[in-house]
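Here the structure is laid out as structure tokens; the discussion comes afterwards.
The values are calculated or read from the model by the stated rules, or taken from the named source; none is laboratory data. Computed from a prediction, not measured in an experiment: that's the story for all the values here. Backbone-built Cβ (ideal geometry, glycine too); neighbour counts: all protein chains shown. Each accessible area value is taken on the protein alone, full model and side chains, heavy atoms only, with ligands, DNA and RNA left out. Shrake-Rupley method; radii C 1.70, N 1.55, O 1.52, S 1.80 Å.
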Amino acid sequence: AGYGAPPAPLVVGINPVYPPMEFHAPETGELQGFDVDFAYALGRQMGRPVEIREASFPQLMIDVGSGRIDIIISGLNDTPGRRGVLRFIDYLQSGAQLLVSGSSPFTRDIDLCGGTVSAARGTDFARILQVWSARVCTAGHLPDITVVGTENSAMARLELREGRVQAAVQGQETVGYFLDNAHSLFRRFLPPISQACLAIAMRHDSALFENIRASFEQMKKDGKYQSLLRKWHLEANTVIPS
Amino acid sequence: MTATDIAAIPASPILEVRNLSKSYGSTSILKGVSCTLNQGDVMCVLGGSGSGKTTLLRCIAQLERYQGGSVVVDGELMGIAAAKSGRFYRLSERQIARQRLETGMVFQKFNLFSHMTAVQNVMEGPLHVLSVPPAEARREACRLLEWVGLGERMEHYPAQLSGGQQQRVAIARALAMKPKVMLFDEPTSALDPESVGRVLAVMKQVAATGMSMIVVTHEMGFAREVASQVVFMDQGAIVENAPSAQFFSAPSHPRAADFLASTLGARAQTN
Amino acid sequence: MTATDIAAIPASPILEVRNLSKSYGSTSILKGVSCTLNQGDVMCVLGGSGSGKTTLLRCIAQLERYQGGSVVVDGELMGIAAAKSGRFYRLSERQIARQRLETGMVFQKFNLFSHMTAVQNVMEGPLHVLSVPPAEARREACRLLEWVGLGERMEHYPAQLSGGQQQRVAIARALAMKPKVMLFDEPTSALDPESVGRVLAVMKQVAATGMSMIVVTHEMGFAREVASQVVFMDQGAIVENAPSAQFFSAPSHPRAADFLASTLGARAQTN
Amino acid sequence: MSAEIQLDDHSTIIERGRYHMAVSLVGVLAFVAWLIHAFAVSDIEWRYVSHFLMVRTIMQGVAATLLMAISAMMLGTVIGLTFAIVQQSGNPVWKTVVAGYVWLFRGTPVILQLLLWFNLALVFPHIWIPGYGSVQTVQLMTPFLSALLGLGLNQGAYITEIMRSGLTSVDKGQYEACCMIGMTRLLALRRVILPQALRVVIPPLGNEFISMIKLTSLSSMIQYPEILHNAQNIYYANARVIELLLVTGFWYLTIVTVLMPVQYFLEKRINRGWSG
Amino acid sequence: MSAEIQLDDHSTIIERGRYHMAVSLVGVLAFVAWLIHAFAVSDIEWRYVSHFLMVRTIMQGVAATLLMAISAMMLGTVIGLTFAIVQQSGNPVWKTVVAGYVWLFRGTPVILQLLLWFNLALVFPHIWIPGYGSVQTVQLMTPFLSALLGLGLNQGAYITEIMRSGLTSVDKGQYEACCMIGMTRLLALRRVILPQALRVVIPPLGNEFISMIKLTSLSSMIQYPEILHNAQNIYYANARVIELLLVTGFWYLTIVTVLMPVQYFLEKRINRGWSG
Ligand SMILES: Nc1ncnc2c1ncn2[C@@H]1O[C@H](COP(=O)(O)OP(=O)(O)OP(=O)(O)O)[C@@H](O)[C@H]1O
Ligand SMILES: Nc1ncnc2c1ncn2[C@@H]1O[C@H](COP(=O)(O)OP(=O)(O)OP(=O)(O)O)[C@@H](O)[C@H]1O
Ligand SMILES: [Mg+2]
Ligand SMILES: [Mg+2]
């Protein structure tokens, strides 16, 4: 942008279906969440205003290609399969966290063998579960677990609530929010079974890559990143190696 | 044909209508109609438009419910039966369907099954209601169609037949069920003059087999020639019921006389 | 009414049909028809069923395309025009629509606009085609409806009018456009006998105003009384074209003579 | 044998029909009561249903649904009418074009059509608008415009068929009568053919509008903020999926139920001139 | 003035229509060519489209789509026929029940109905099946059964209306003729009324089946593995969203296009006895 002209906004795509990362407050409809705060903070750091565009999860992937949005910050996992289309900057540690119903008798990992687990189709969790099942169940000569791919993580939890599945898996960073809201309906089962990263995603040819990476590094240095983590109780998910 | 079977039954009232009354809402259509048809007789029903002739036939055939009176065919009360309590109850649909086998009906508008050929139309009842074996049903149907003069047209669909041919198929269809009484509702009034003659000829043929018949018609010639008894209706009531010869020579009710004069007069003019 | 305007025009051929030929696919319907209508004359077109009378009228009205020949109304070639190259080109739809104002047509089946009242039907053309102011269009429409004897029925919808009344509204609708020639295609053949008389009376009234008319009809009485000229068609050709008196007294073509004999004969029988 | 039958009045006859009717009435009522009971004591938390029924975002969703349904229906009607008229003009090229349009848009799921419009930028990164200049397609193709085009063009394909049957239902003689008072084809259409086709066209158009109300729910996929979309936003946050689906169901049903008598009165009005 | 006009043969007349037609043909072809070009040079990666067109999971999706469309259509037809017959029986209780069913199922989006069936366990945790005993609803309500019930019951509401109009289209005299040869109502329906109603009913049923093919795509929401669902699974992994949507569009269009002549021949066959 030339002198005097306001800088072009940074257009950030968000699929607000994933509390506490991004969601609409039920009563007011206001968009909020860690990713939202993070996007605005990043824009401030870059000196550019931020414009948030909402879209469905697959639509985000199209939008970043068609130029409707500059980047995705929407709880998107950095997975090898997507690297053909997208370029990532990891900003949050995530893991696949198993949930079981509050009344479930399960205590050990092998309790789940032969059971059914639901996971949102837009995530990498189905693959992770299969790897885990191979390690825990197949190796122990127990029946494999069956993975059910649901439309989104809300549906995955609904299947758990109905008893259609014995466990549901979701991003570790989101679990706290649900346990706070759903009281005794669910409980965590085992520690996270995988480690992955949520990432800012953009086109391979995006000119913003370096600028964003530098800005994010700066946020880590001056503590803005850490204060956001604190605000959303996600200190455990920091990408800063300890 | 069916003549022999029917002739075997001794002459006796095959149909009795007693004090039949029928109304739509508050308008009374039949006002206590009574009449008797003896075995093998032909009764012609005459009367002006709207006098209730069709309604009477439909009540006899149990196609309409009536609010009072009874219809008895060959000793069997139609549509209702006495309960132990002494009261009456309405028969079930299945029972009424069985009772309707006693009466055959030929409609003004033929009402042939339009998706079936002539022979299929005639076979339909024997095959699917009387459970006659298919081969036998077809043989009988063919015989009947030959008998009404349609031996050449058995495999034609109704849409491929003239009105008069359709009506003759309809007569064959009714006869195939071997009814005890045949009801005809103006069977020729939707036909061209040429066809009228053919259909009337077949009806005479049917009468000649000894079939008991009630015929609503405006064909005075037919009535005079074939009917044993003539009933004249006016405004939902039978105002004259007389042997045919007597009715045509000297109708006693003034309405009937008027009607006869005007109808025969009109004919005379045209000829 | 329109009489004064029309009478002002000097007597001259108002309509010329030259060598008109028309076919559907390979079947030829009109085989080179020529005739001339003088200003203020009434031409009756007679002929058996399928002889091409309706087709001729429809070609004159440019409702059908013809493969050869021409129609000239009041000196204006219809439907086509000469290009500079000497060849002819088909006029645009808009131009043909304007030319059709020269001719008015009364159809066998009335074709009144069924969503409009009688007066709206008559006003429709003046209002929306000729852009006459609404008040004036309504005044003229009312006058015309009075004139055809329907002053009482102006606000009735076609469905509320008898066939004869509808046909009189149709005549008024055509007249409202002040055409130079009126074309009537069997205007009374869909009517009951009583209505026929009324409609013919109105047509005589129209003829009396000096309107040039071509009337396809089976009403011999009307033709004899009103027509100045009679054209007899057979198998797509005019086989006789004669002054009315001559035609009815001594038709020269044998077909015409046959036709006349059978039609008048049939009439005689019925009366 | 039957000589003693005296049935002067059938009103005392025992009608089996009445008995059957009473039995079926009791049966149906019991079933409905059981169903209501089952829903009431189920896992569904009804206080959430009643709470979110009138919440602001849901009401905005209702308004957005109505806005989209009406707009898309209007667009579809304009397209359908135009195409039906074009198809009747007799030009075989245009006839083929219309047939192709109907085939394409009736042959693919609406959701795909919505997604393709929303992502038009992949094919046309820039669009040139007369009198305005070139704009970025992604700026132009807002959720509203994409849903409008997607739903409207899809609807247009169906309405083309409806309009075609409406136009052909009008007697050809009416058109010829128009010709003979000097009308052009378009004037005849406007003044005579269309007003008469309306009678035939209004009932199926009413049904299409009711379908459209429900079809609008698909535009939640491209972020158009209609009822379902806003309800989804709520259940993503609070996980009350079934409760919020019941809320949306309630609203769709309400809109449709309100529209049905409207359709009925419209049909009656249109038929007025005919019978009376 | 016009005496010199000699137009014996109009075949030499210059027809403006032909000229217009040629112009419109060129215009339309140019537009189509431009559209194809724009798609070809767009951001869409066509090699992915062609690659995934025949991939095994997509073909399985096609099979699943057809299976579901046919099953749901059969269920809907059975329901619709039954309800239409029940409605005509004249019992006001059943009439109200049928009207209520049609109202409820036509008034709510199909997607809601699918989700409610799939999540029936929230209302009825256990279901008692005669001759089998009690089963857990979540075991019973597989994606297939939920989609079948959801789509079939929804379709049934529409087919009820179609069947009703089919039954009423048969002349009442046909039924009376049946009565007079001793048929019961059901036998008359089976032998005479239904075969005749078929003619009226087949064209709209064909249209409904085509709608059903596309409606099946909604069952992807409840994990029924039809075309769209399987395509989504692919694009969730590789992010080639538009390419896979085009693949699904291709398949839906293909199925529908193949079915159209089938419908045509069926209609012709049914009408055979009538005209000939
Ligand atoms: N469904 C009905 N509802 C009300 N009135 C009816 C109904 N059917 C018949 N009517 C009336 O019953 C009266 C008798 O009708 P019906 O058809 O029995 O006369 P008809 O003697 O057969 O006359 P036509 O010679 O015209 O056939 C008529 O006035 C008719 O209007
Ligand atoms: N659209 C058409 N396609 C093919 N042939 C037609 C068409 N319209 C009319 N014909 C044929 O053209 C011939 C002349 O028809 P036309 O209607 O002009 O006869 P007409 O003299 O008016 O007879 P009528 O007295 O029966 O009205 C008839 O043989 C008719 O079958
Ligand atoms: Mg009668
Ligand atoms: Mg004619």
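Of the conditions (1) within 14 Å of chain C (Cβ to nearest Cβ); (2) under 30 Å from D:VAL258 (Cα atoms); (3) not basic (Lys, Arg), E:GLU15 fails just one. Which one is it?
(2)
Among strands (runs of 3 or more DSSP E) lying entirely in segment B:40-84, which contain 1 or more residues that are in contact with a helix residue (DSSP H, G or I) (Cβ under 9 Å, 6 or more places away or on another chain) and within 13 Å of ligand 3 (Cβ to nearest atom)?
Details: elements: B:42-47, B:68-73, B:80-82.
Fully inside segment B:40-84 and qualifying: B:42-47.
From the list E:LEU112, E:LEU116, pick out the single residue that is more than 21 Å from the chain's Cα centre (by Cα) and under 16 Å from E:LEU145 (Cα atoms).
Values: E:LEU112 fails: more than 21 Å from the chain's Cα centre (by Cα).
Residue meeting the stated conditions: E:LEU116.
Within segment E:224-233, how many residues are within 11 Å of chain A (Cβ to nearest Cβ) and either open to solvent by less than 10 Å² (accessible area, probe 1.4 Å) or not in a helix (DSSP H, G or I) (or both)?
Residues meeting the conditions: 3.
Being open to solvent by less than 20 Å² (accessible area, probe 1.4 Å), closer than 30 Å to D:TRP46 by Cβ and away from chain A (no Cβ under 14 Å), is that true of even one residue in segment E:79-94?
The first filter runs over segment E:79-94 and keeps only residues open to solvent by less than 20 Å² (accessible area, probe 1.4 Å), leaving E:80, E:84, E:93.
From what's left, closer than 30 Å to D:TRP46 by Cβ: E:93.
Now drop any that are not away from chain A (no Cβ under 14 Å), which leaves E:93.
Yes: one or more hits.
Is at least one residue of segment E:227-243 modelled with pLDDT of 90 or more and under 18 Å from the mean Cα position of the chain (by Cα)?
The answer is yes; a qualifying residue exists.
For segment C:40-85, what are the residues that are more than 10 Å from ligand 4 (Cβ to nearest atom), at negative phi and charged (D, E, K, R)?
Within segment C:40-85, C:ASP41, C:GLU64, C:ARG65, C:GLU76, C:LYS84 qualify.
Can you confirm whether D:TYR236 is among the hydroxyl-bearing types (Ser, Thr, Tyr), more than 14 Å from chain A (Cβ to nearest Cβ) and open to solvent by 20 Å² or more (accessible area, probe 1.4 Å)? Give the steps one after another, and end with the answer.
Working: among the hydroxyl-bearing types (Ser, Thr, Tyr): yes; more than 14 Å from chain A (Cβ to nearest Cβ): no; open to solvent by 20 Å² or more (accessible area, probe 1.4 Å): yes.
Spelling it out, it is not the case that D:TYR236 is among the hydroxyl-bearing types (Ser, Thr, Tyr), more than 14 Å from chain A (Cβ to nearest Cβ) and open to solvent by 20 Å² or more (accessible area, probe 1.4 Å).
Restricting to segment B:74-129, and then to whatever is at the interface with another protein chain (Cβ under 7 Å from one of its Cβ atoms) and within 16 Å of ligand 1 (Cβ to nearest atom), can you tell me which residue is most open to solvent (accessible area, probe 1.4 Å)?
Within segment B:74-129, the match that is most open to solvent (accessible area, probe 1.4 Å) is B:LYS109.
For segment E:98-118, give me the residue count where each residue is without any contact (Cβ under 8 Å) to a residue 12 or more places away in the chain and either crowded, with 19+ Cβ neighbours inside 10 Å or not assigned by the TED database to the domain that holds E:LEU167 (or both).
So the count comes out to 4.
Determine the pairs where a residue that is at pLDDT 90 or above, located within segment D:39-58, has a partner that is part of a helix (DSSP H, G or I) and open to solvent by 50 Å² or more (accessible area, probe 1.4 Å) with Cβ atoms under 7 Å apart, the partner being 6 or more residues away or on another chain.
That search, which allows pairs on different chains as well, returns D:LEU53/D:PHE250.
Do we find that B:ARG94 is outside any loop (DSSP other than H, G, I, E, B), away from ligand 3 (no atom under 16 Å from the Cβ) and charged (D, E, K, R) in this structure? Steps first, please.
On the way: outside any loop (DSSP other than H, G, I, E, B): yes; away from ligand 3 (no atom under 16 Å from the Cβ): yes; charged (D, E, K, R): yes.
Yes.
Mind listing whichever residues of segment E:123-178 are open to solvent by 40 Å² or more (accessible area, probe 1.4 Å) and within 14 Å of chain B (Cβ to nearest Cβ)?
E:SER169, E:ASP171, E:LYS172, E:TYR175 - these are the residues of segment E:123-178 that are open to solvent by 40 Å² or more (accessible area, probe 1.4 Å) and within 14 Å of chain B (Cβ to nearest Cβ).
With the requirement that a residue be surrounded by 23 or more Cβ atoms within 10 Å (Cβ to Cβ) and not in a helix (DSSP H, G or I), what does segment E:239-276 give you?
Of everything in segment E:239-276, those that are surrounded by 23 or more Cβ atoms within 10 Å (Cβ to Cβ) and not in a helix (DSSP H, G or I) turn out to be E:ALA239, E:ARG240.
Working carefully through the options E:LEU218, E:LEU194, find the one that is open to solvent by 10 Å² or more (accessible area, probe 1.4 Å), in a helix (DSSP H, G or I) and under 30 Å from E:TYR48 (Cβ atoms).
Numbers: E:LEU194 fails: under 30 Å from E:TYR48 (Cβ atoms).
The match here is E:LEU218.
Hey, any hits in segment B:136-147 for a residue that's more than 16 Å from ligand 1 (Cβ to nearest atom), surrounded by fewer than 18 Cβ atoms within 10 Å (Cβ to Cβ) and not charged (D, E, K, R)?
Initial filter on segment B:136-147 (more than 16 Å from ligand 1 (Cβ to nearest atom)): B:136-147.
Checking which are surrounded by fewer than 18 Cβ atoms within 10 Å (Cβ to Cβ) leaves us with B:136, B:139, B:143, B:146.
Subset that is not charged (D, E, K, R): none.
Within segment B:136-147, none of the residues are more than 16 Å from ligand 1 (Cβ to nearest atom), surrounded by fewer than 18 Cβ atoms within 10 Å (Cβ to Cβ) and not charged (D, E, K, R).
This table checks each residue for (1) open to solvent by 10 Å² or more (accessible area, probe 1.4 Å); (2) away from ligand 2 (no atom under 16 Å from the Cβ); (3) within 13 Å of chain D (Cβ to nearest Cβ); (4) part of a helix (DSSP H, G or I).
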site	(1), (2), (3), (4)
C:PRO179	no, yes, yes, no
C:PHE184	no, no, yes, no
C:SER195	yes, yes, no, yes
C:LEU200	yes, yes, no, yes
C:GLN205	yes, yes, no, yes
C:VAL215	no, no, no, no
